[in-house]
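Participant: The structure under discussion is supplied below as structure tokens; questions concerning it will follow.
The values are calculated or read from the model by the stated rules, or taken from the named source; none is laboratory data. As the structure is a prediction and not an experimental result, all values here were calculated from the model. Cβ coordinates were reconstructed from backbone atoms using ideal geometry, including for glycine residues, and neighbour counts include every protein chain displayed. Only protein heavy atoms, including side chains, enter the accessible area calculation; ligands, DNA and RNA are left aside. Shrake-Rupley method; radii C 1.70, N 1.55, O 1.52, S 1.80 Å.
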Amino acid sequence: MVVKTWIRVIYQNRTFIHMISKPHIQKLPLPEHCSFVADRFITPFFETPWHYHKEYELVLIIKGKGKQFIGNHISDYDEGSLIFLGPDLPHLFRKENIQEKGGSLVIHFKEEFLGRDFISIPEMQKINLLLQKSRMGLQIYGKSRENISQKMHEMVELKGMYRLINLLTIMSMLCDSTEYELLSSPEISGQNSKDSDRLNKVFDYLVTNFKEEIQMKKIAEIANMSYSGFCRYFKNRTKKNFAHFVNEIRIGYACKRLMEGNATITEICFESGFNNMANFENQFRKLIKCTPYQFQYKNRCKYV
């Protein structure tokens with residue numbers, strides 16, 4: 001028998017119910033007289049573990065930076081990042097500095113929030129295609145990100161029909177945009193609470209310790225599994241080899257350091273967790289499709 005403890009938190013005149021043990025299936029309460037959620041969430045309400053939910057979610061980062069885990073995708077996020085997530089797509093936004101505040105504007109809505117038949121009308125055909133793509137996660141960029149971000153900031157101050165019209169406008173803007181990147185593999189979806197807790201512990205350990213030597217024995221212990229059992233489990237859950245997953249985190253960090261331009265490539269190699277230049281350059285070319293030097297050269301103008 002599992003005993004679950006709940007606490008009730010009042011924040012900005014809204015009531016949140018938190019399960020102290022494992023809140024992996026997240027549900028944001030609907031404000032009164034609203035059919036969807038559109039609000040700001042600042043530390044401590046920005047932080048959630050590896051989780052998923054039945055709603056579609058549009059997230060605009062307004063404070064902080066760190067790593068985003070979307071399905072089996074890993075990359076950096078910072079202020080201004082805009083991500084559209086479909087139902088049951090597990091995700092986690094982990095701050096780079098846990099002492100600093102994080103914040104986001106979030107829109108949550110269910111597919112049937114306007115009624116079960118509304119989504120089937122001819123005018124919604126393009127939006128239906130967008131919703132299907134969102135199950136892999138979409139990273140929005142360019143002018144589309146700028147325009148949609150502005151609409152999201154406006155929305156949190158709107159009420160009633162104006163709020164709804166704003167959401168439909170945002171959805172239309174997303175449909176018309178080609179400025180996006182698909183993030184995760186399509187077969188990745190939320191698992192049960194035990195799986196979520198296990199992966200959350202592994203991700204947390206990796207993001208904290210990727211600069212050091214990562215020993216599989218230690219990771220298997222964290223997951224409370226055998227060495228071989230964890231290898232099979234991780235591959236099955238993320239559709240990625242564990243070593244490849246770790247290299248993605250390390251190369252992502254290396255890219256950020258290369259763009260900062262205040263360290264040599266050799267220094268960045270060892271700082272990122274690699275123990276020799278040959279392996280670092282090989283993994284970099286595999287993931288980024290160019291050498292570290294070429295990457296730094298292309299991006300140096302941003303920091304002149």
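Participant: Which of the residues spanning the range 110-134 are open to solvent by less than 100 Å² (accessible area, probe 1.4 Å) and in a helix (DSSP H, G or I)?
Facilitator: Matches in the range 110-134: PHE118, ILE119, SER120, MET124, ILE127, ASN128, LEU129, LEU130, LEU131, LYS133, SER134.
Participant: Out of (1) open to solvent by 60 Å² or more (accessible area, probe 1.4 Å); (2) modelled with pLDDT under 95, what's the single condition that is false for GLU281?
Facilitator: That leaves (2) as the condition not met.
Participant: Kindly provide the set of residues from the range 226-261 that are among the hydrophobic types (A, V, I, L, M, F, W, C) and in contact (Cβ under 8 Å) with a residue 12 or more places away in the chain, ordered by number.
Facilitator: Across the range 226-261, the qualifying residues are PHE230, CYS231, PHE234, PHE242, PHE245, VAL246, ILE249, ILE251, ALA254, CYS255, LEU258, MET259.
Participant: Further, regarding this structure: If we keep just the residues of the range 137-174 that are on the phi > 0 side of the Ramachandran plot and part of a helix (DSSP H, G or I), which is least open to solvent (accessible area, probe 1.4 Å)? Walk me through it before giving the result.
Facilitator: Going residue by residue through the range 137-174, those that are on the phi > 0 side of the Ramachandran plot are 137, 142, 160.
Checking the rest, the ones that are also part of a helix (DSSP H, G or I) come to 142, 160.
Details: GLY142: 36, GLY160: 57 Å².
Filtering the range 137-174 for residues that are on the phi > 0 side of the Ramachandran plot and part of a helix (DSSP H, G or I), the one least open to solvent (accessible area, probe 1.4 Å) comes out as GLY142.
Participant: Taking the range 58-103 only, how many residues are open to solvent by less than 10 Å² (accessible area, probe 1.4 Å) and under 12 Å from the mean Cα position of the chain (by Cα)?
Facilitator: Going through the range 58-103 one residue at a time, the tally reaches 20.
Participant: Looking only at residues that are of a type in the set (A, V, I, L, M) and under 21 Å from ILE165 (Cβ atoms) in the range 33-57, which one is surrounded by the fewest Cβ atoms within 10 Å (Cβ to Cβ)?
Facilitator: Taking the range 33-57 and keeping what is of a type in the set (A, V, I, L, M), we get 37-38, 42.
Narrowing further to those that are under 21 Å from ILE165 (Cβ atoms): 37-38.
On the way: VAL37: 19, ALA38: 22.
It comes out as VAL37.
Participant: Scan the range 212-226 and give yes if some residue there is in contact with an Asp or Glu (Cβ under 8 Å, 6 or more places away or on another chain), basic (Lys, Arg), at pLDDT 90 or above and part of a helix (DSSP H, G or I), otherwise no. Don't jump to the end; show me each part of the working.
Facilitator: Start the filter on the range 212-226 by keeping residues that are in contact with an Asp or Glu (Cβ under 8 Å, 6 or more places away or on another chain), which leaves none.
No, the range 212-226 has no match at all.
Participant: Now for a different question. Quick check on LEU30: is it of a type in the set (A, V, I, L, M), modelled with pLDDT under 85 and either open to solvent by less than 30 Å² (accessible area, probe 1.4 Å) or farther than 14 Å from GLY103 by Cα (or both)?
Facilitator: yes
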